[in-house]
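Nothing in this text is a laboratory measurement; each read-out follows from the coordinates by a stated rule. All figures in this text were calculated on a predicted structure; none of them were measured in a lab. So basically every Cβ, Gly included, is an ideal-geometry build from the backbone, and we count neighbours across all protein chains shown.
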Amino acid sequence: MSGTRASNDRSGHPGGGLKRARSEPGGNKVTVVLGAQWGDEGKGKVVDLLATESDIVCRCQGGNNAGHTVVVDGKEYDFHLFPSGIINPKAISFIGNGVVIHLPGLFEEAEKNEKKGLYQVIFNLSLYGHPVFDFHQAVDGLQEVQRQAQEGKNIGTTKKGIGPTYSSKAARTGLRICDLLSDFDEFSSRFKNLAQQYKSMFPTLDIDIEGQLKKLKVRI
């Protein structure tokens, strides 16, 4: 799946002064940026700097509950699903199959950053990634209420549906982007089964199955 490619010149970027070979003797160099805390560590800024000397930038896990803010040439960009290094026009950007994708959020993020001047951004979206559906987000909220009632405390999730989507993925009942793009009738049947599974676990869960399927079909 493609969006648009960045046209802004990165020659003036602070990371432009980094002197690092793109490939090392005996193979290519891979740099991994991980956080050991609960966030707000500046990972996005580090990735943005490293991306100026990279051929490929990949987001490998997580969802749109995360937020990374970078400032380039006086403009502030915030990313939730896109790799932070996507501003570098010379690097190919990937959203890997370990990322759970809220499709409306993905399109909204692209449109918002285009309005800020980030035009023609090209990104590659894995067809094996799992979409975050509206009922995943609803379940996320219900689980928090349930934890509060049973344990007197909750996790404090962003209620973006990330945990329930990963649960569906781990249980092999989840759906992937490739399922959505191939046979929509088969996708609809599996979508309804997944929704019913959640309704059986959370009787108060209200899911507009046909409405959600209609929105998904429009998007493709």
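Structure values in brief
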| read-out | value |
| --- | --- |
| Relative packing of 77-84, 41-48, 144-151, 206-213, which averages over residues the other C-beta atoms within 10 Å, highest first | 77-84, 41-48, 206-213, 144-151 |
| 5 angstrom amide H check on Gly62, placed H, neighbours 5+ away | Val100 |
| Tail fraction, Cα-Cα pairs, the range 130-219, threshold 15 Å, whole percent | 60 percent |
| Total formal charge among the other residues, if their Cβ is under 14 angstrom from that of Thr165, Lys/Arg +1 and Asp/Glu -1 | +2 |
| Hypothetical label at Glu186: residues of the range 123-140 whose amide nitrogen lies under 19 Å (7 Å Cα-Cβ projection) | 127-131 |
| Computed E for Asn124/Asn154 - FRET, C-beta separation, R0 30 angstrom, nearest 0.05 | 0.25 |
| Nearest-0.05 FRET efficiency for Ala170 and Asp40, computed from C-beta distance (R0 35 Å) | 0.80 |
| Rounded if a/c under 1.5, otherwise prolate or oblate - the range 74-209, Cα gyration tensor axes | oblate |
| Violating pairs (Cα-Cα greater than 23 angstrom) within the set Lys45/Lys215; Lys90/Lys160; Lys115/Lys169; Lys169/Lys217 | Lys45/Lys215; Lys90/Lys160; Lys115/Lys169 |
| Additional length obtainable on full extension of the chain from Val32 to Cys178, 0.36 nm per residue less Cα span | 49.9 nm |
| Sequence-distant residues sharing a close amide H with Val132 (under 5 Å, placed H) | Ile101, His102, Leu103 |
| Residue-by-residue Karplus 3J(HN,Hα) for the range 108-118, coefficients 6.51, -1.76, 1.60, Hz, glycine and proline x | 5, 5, 4, 5, 5, 6, 5, 5, 8, x, 8 |
